[in-house]
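Working notes, structure below.
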Amino acid sequence: MRRWFIRSREGYTLVEVLTGLFITSMVLVLLVTSLQFGGEMAGKITGKMIRGQESRRACLFLQKQLSKSREMVVKDGRVYLQDMENPDYYNFYTVEASGTVYRNKVDKAKLEPIKTGGKSQLIHNVVRFELRLEEKDAVRLIIEFIKEEPAVDVRFYYPNEVLLR
C-alpha cells in the first residue's frame, strides 16, 4: 500500500497524475471565468465612456452653434438654430427610430428641407433627445442614452433674438 504514494523510478503514480490533472483543470476554469468577467466589465466601462463622449460632443456642438447664431426661430415647438456654415440655412434636430440624432438643414425663408446635403448624423444610440426653448433666453437640451443611466440635462443661455413663428 505504501508503494502507491511514493514516486517510483519509472514516473508518477496514478494518484499523483490525477491530483495534478484536477489542480490544472481548476486553474483553467478559474482563468477562463475571470477573463470572461473581465471582458464583460471592460465592455460596460467602454460603453459608458463612449456615451459620455457622445453627449459631451453634442453639448459642445450645440453650444457652439448657439453662440454663433444671430437669431433662433421657434415654430410649432421646434427650435431652429442658424447654421454655422451658411447663415441662409437653419438647423433642427430629429431622432430616428434607430436612435440616431440627425441635424436637418432647412431654407431660412420657408423652413423647408433643402434637397442635397440637408441631413447629417450627430450622435447614436439615443433613447430621448429634446432641444426646446424654456424661457426667452434659455434653451434646454436633454439627452438620454439608456433608461437606467441619468440623462444629460443642460441649459444654454442665448443672448440674441428669438423669433417665434
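No lab work stands behind these numbers, since they all come straight from the coordinates. Note that the structure is a prediction, hence the values are computed from the model and not measured. Here Cβ is always computed from backbone atoms with ideal geometry, including for glycine, and neighbour counts include all displayed protein chains.
Each label point was placed 7 Å from the Cα along the Cα-to-Cβ direction; for residue 60 and residue 41 their separation is 3.0 nm. With an a/c value of 1.5 or above and a/b not larger than b/c for the gyration tensor axes a ≥ b ≥ c computed over the alpha-carbon atoms, the range 87-165 is described as oblate. May I ask you to list the aspartates and glutamates whose Cα is less than 17 Å away from that of residue 44, ignoring any residue fewer than eight positions away on the same chain? Residue 44 reaches 54, 144, 148, 149. Charged side chains reduced to their Cβ positions (Lys and Arg at +1, Asp and Glu at -1) give the range 40-164 a dipole of some 200 debye around its Cα centre.
Each peptide in 48-54, 116-122 was scored by the mean count of other Cβ atoms within 10 Å over its residues; highest first, the order is 48-54, 116-122. Between the beta carbons of residue 110 and residue 136, assuming R0 = 25 Å, the FRET efficiency works out to 0.50 to the nearest 0.05.
Here the range 116-145 is scanned for amide nitrogen atoms under 19 Å from the site 7 Å beyond the Cα of residue 100 along Cα-to-Cβ, giving 116-130, 144-145.
Treating each Cα of the chain as an identical point scatterer and summing with the Debye formula, the log10 of I(q)/I(0) at q = 0.13, 0.14, 0.18, 0.21 Å⁻¹ comes to -0.72, -0.79, -1.10, -1.36.
The aspartates and glutamates within cross-link reach of residue 105, meaning a Cα-to-Cα straight distance under 12 Å and a gap of 8 or more places when in the same chain, are 83, 85, 88. Calculated [222 nm] ellipticity per residue, helices only, for the chain: -12500 deg cm²/dmol; basis is -39500 (n - 2.57) per DSSP H run with n ≥ 4, divided by all residues, nearest 500. Here the range 16-82 is treated as an ellipsoid with the same Cα gyration tensor; its semi-axes, largest first and in whole Å, are 58, 10, 4. Taking 30 Å as the limit for the C-alpha separation, the pairs 75/115; 119/147; 64/115 never exceed it; all remain within the limit.
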